There are 2 protein chains.
Amino acid sequence: MTIQLYDLAAADERILFSPFCWRVRMALLHKGLPFAVAPWRFSAREATAASGHDAVPVLRDGERWVGDSWDIVTYLDETYPARPALLPPPSGAAHARLVGALCGSLVFPAAVAIAVYQAWRILDADSQPYFRASREKMFGCSLEALHAEEGEGRAGLARALKPFDEVLAVHDYLGGAAPTHADYMLFGVLKWTDIVSSYDPIDHATPSGRWFDRLQASHGGYAASAPTVRG
Amino acid sequence: MTIQLYDLAAADERILFSPFCWRVRMALLHKGLPFAVAPWRFSAREATAASGHDAVPVLRDGERWVGDSWDIVTYLDETYPARPALLPPPSGAAHARLVGALCGSLVFPAAVAIAVYQAWRILDADSQPYFRASREKMFGCSLEALHAEEGEGRAGLARALKPFDEVLAVHDYLGGAAPTHADYMLFGVLKWTDIVSSYDPIDHATPSGRWFDRLQASHGGYAASAPTVRG
């Protein structure tokens, strides 16, 4: 039975934009595991009620439900050890966690200013009130107040990516010569931003911009071909 | 012939404090390679003239001279592949580079405020004018203006270490269950700060503080037993 990935959808259900779901989607491609996407909405959480999780990503693999993007990734490496490792020993898990910590302290704060208001705009009307209330509580201001215009948004994101630029000026991927989940931790945040933003948020002339484009093109251009609000 | 490590010394030549030399010293211990330290001073650079490098660390391994801490570490892994890897494949080099980038953008700026003025104080009188002039040019202010008092210095360093705390709350080392050069990249910066500071700059109750103490205790307490300005 094909793995099912429950994934946050916009009102237009072709637009799948959650950063945490993108981490998992890239992880499934990396493992070479076939999967089908089940669009999920805040306004219809009952779809994953059987999993015990009320947020996505949630994965169903046969009779097994797994939630939380990090738990899903460790599940995939443990369950499918013969396929390419996401968290290769000895350091893969600690390395990916460091990238995750930097996403939290550096990259998400810059990306939020580009993406959160735009994400609200593209949700279905029934999901919007929950999303607005929960995010305005989280950030302590209105979604509109959070929103950065193009120049400011792109400059802030470029600044946040500078430590990664130093690595990616030398190595093709954060994982070295090939991507690991360290790469997908960061890619998920940028792909979310890219999909929902009204402008292209990525500076493609930087090492991290070129790395983003390499991952966009990987697996037959899977990520590059995902619909965005810009088409 | 035992490896010679040319290492920056204070006026009291038992005090060896360079962050880059500490990275190399921990790397040599990790590889289990015997080495002897040759104290080096800015006022007597001719000691390493034959290497083509006018800054330390410089390593002499038989007839081979190697300078620059990163080049020394890659030399050690290439030359002694049967000994424990510092940059274990597939991601060790890219991982250590990411930690190096974070040292540059987060940790050094916090550590400099604690350590640079103190480092000047403990140098031999003939090295002090060069050190003051080069560092005041580098930072654009006097060493005294750079200096942070205890509360401010410790708080700034603790803030800079927060991304590492997230990893070290789960893993014993940045490299996972055992240290890699990713660990020594950060340890070198903190050990420098620890040795020259007039106060203990480390919050030993945090995950990164406990990690620092684990590395201090490693290899028979080698780093813990190194003389500091506090004794």
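Note that the stretch A:224-231 has calculated 3J(HN,Hα) couplings of 4, 8, 5, x, 10, 5, 8, x Hz, one per residue in order, obtained from phi through the Karplus relation 6.51 cos²θ - 1.76 cosθ + 1.60 (θ = phi - 60°); glycine and proline are x.
Dividing the summed -39500 (n - 2.57) terms of all DSSP H runs of n ≥ 4 by the residue count of chain B sets its mean residue ellipticity at 222 nm at -15500 deg cm²/dmol.
For residue B:3, the residues whose amide H sits under 5 Å from its own are B:36, ignoring neighbours fewer than 5 places away on the same chain, with H placed 1.01 Å from N. Multiplying the residue separation of residue B:214 and residue B:155 by 0.36 nm and removing their Cα-Cα distance gives an extension gain of 19.1 nm. For a modelled paramagnetic label at residue B:225, 7 Å from Cα along Cα-to-Cβ, the residues of the stretch B:26-65 in reach, with backbone nitrogen under 20 Å, are B:26-39.
Each listed q (0.19, 0.20, 0.26, 0.28 Å⁻¹) maps to a log10 I(q)/I(0) for the stretch B:1-59 from the Debye sum over equal C-alpha point scatterers, namely -0.65, -0.71, -1.13, -1.24.
Inter-label distance, residue A:50 to residue A:2: 1.8 nm, where each label sits 7 Å from its Cα along the C-beta direction. If a spin label sat at a point 7 angstrom from the Cα of residue A:79 along the line to its beta carbon, the backbone N atoms of the stretch A:25-42 nearer than 16 Å would be those of A:25-38. Using a Förster distance of 45 Å, how high is the FRET efficiency between residue A:11 and residue B:205, based on the Cβ-Cβ distance and rounded to 0.05? The calculated FRET efficiency here is 0.40. GNM on chain A, alpha-carbon springs under 10 angstrom: the most fluctuating residue among A:170, A:66, A:99 is A:170.
Residue exposure proxy: B:120, A:192, A:40, ordered by other Cβ atoms within 10 angstrom of their Cβ from fewest to most, comes out as B:120, A:40, A:192. If you wrap the protein assembly as shown in the convex hull of its Cα atoms and look at it from every side, the mean projected area works out to 24.0 nm². The orientation-averaged projected area of the convex hull spanned by the Cα atoms of the stretch A:145-231 comes to 5.7 nm². Amide H contacts under 5 Å for residue A:58: A:6, restricted to partners 5 or more places along the chain or on a different chain, H placed in the peptide plane at 1.01 Å from N. Highest GNM mean-square fluctuation, chain B, Cα pairs closer than 10 Å: which of B:161, B:106, B:33? Its mean-square fluctuation being the largest, the pick is B:33.
Using the empirical formula 2.2 N^0.38 Å as the baseline, the Cα radius of gyration of chain B reaches a ratio of 0.97.
Exposed loop sites are taken as trypsin sites (Lys or Arg not before Pro) in a DSSP loop (any state but H, G, I, E or B) with at most 16 other beta carbon atoms within 10 Å; the longest stretch of chain A without one runs A:15-229.
Within the listed set B:74, B:180, B:193, the residue fluctuating most in the Gaussian network model of chain B (springs between alpha-carbon atoms under 10 angstrom) is B:74.
Just so you know, all these numbers are worked out from the coordinates, no wet-lab data involved. Given the structure is predicted, the values throughout are model-derived calculations rather than measurements. Ideal geometry is used to build each Cβ from the backbone, glycine not excepted, and the neighbour counts take in all protein chains shown.
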